[in-house]
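The values are calculated or read from the model by the stated rules, or taken from the named source; none is laboratory data. The model shown is predicted, which means the values in this text are computed figures rather than measured ones. Heads up, the Cβs are rebuilt from the backbone with ideal geometry, glycines too, and the neighbour counts pull from every protein chain shown.
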Amino acid sequence: MPLLDVKIYGEEVLRKHSEPITKVTSELVALAKDMLETMYEAGGCGLAAPQIGKNIRLVVIDTTRPDEEEPNPYIMFNPEWEVESDSEDVEYEEGCLSIPEIWCNVKRPGKVVVRYTDEYGDPKEIHDCIGLFARCIQHEYDHLEGKLFVDFISSADHALNQLKLRKMAKKA
Ligand code: NI
């Protein structure tokens, strides 16, 4: 399976709203598998379609530790999430394959429910997602809305990374 080209901060495709997927086709499933492969190769735990240049509502996630656990990939078409009633906000360091070499704290809800269509076209709902999985769902969802984690970092962190971001955007 071919590795895909990951778009970098500054590319317009990362800032666009992505379109819903009306039918899960074999082509889309093949694309999702290529995205997983690309994500594993880059050492990431999530990848959204805009990051490989397609503004469609598809994300892939695997938050298992590569050398310690069996892979547990998720392919999510048209994902939606909501905060669970007993959720508390958590601050945690985030990075993004489209924004290399920058890691900053972002505060997000700690417990969510996610709803999506899987690779067989079946609706799925997972309650009480926590930890890295909950964070990844929200981060990847943001990509579908044209948002990036650096939109949510503190002004101090933004100031610290401004030069790196500007350089990245210039190359894009
Ligand atoms: Ni990202």
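Where residues in segment 116-147 are under 21 Å from Pro71 (Cα atoms), of a type in the set (D, E, K, R) and outside any loop (DSSP other than H, G, I, E, B), which of them is nearest to the ligand (Cβ to nearest atom)?
Here the residue is Glu140.
Please enumerate the residues belonging to segment 120-136 that are surrounded by fewer than 18 Cβ atoms within 10 Å (Cβ to Cβ) and either out of contact with any Cys (no Cβ under 8 Å at 6 or more places or on another chain) or of a type in the set (Lys, Arg) (or both).
Correct list: Tyr120, Gly121, Asp122, Pro123, Lys124, Glu125, Ile126, His127, Asp128, Ile130, Gly131.
Go through segment 99-115 residue by residue and tally those that are touching an Asp or Glu at 6+ places or on another chain (Cβ under 8 Å) and within 16 Å of the ligand (Cβ to nearest atom).
The number of residues fulfilling the criteria is 5.
Against the definition (surrounded by 13 or more Cβ atoms within 10 Å (Cβ to Cβ), within 16 Å of the ligand (Cβ to nearest atom), on the phi < 0 side of the Ramachandran plot and among the aliphatic types (A, V, I, L, M)), how does Ile52 come out, yes or no?
When the stated conditions are applied, Ile52 passes them.
Out of everything in segment 59-78 that is within 15 Å of the ligand (Cβ to nearest atom) and either within 18 Å of Phe149 (Cα to Cα) or at pLDDT below 95 (or both), what residue ends up being surrounded by the fewest Cβ atoms within 10 Å (Cβ to Cβ)?
Among those residues, the one meeting the criterion is Thr63.
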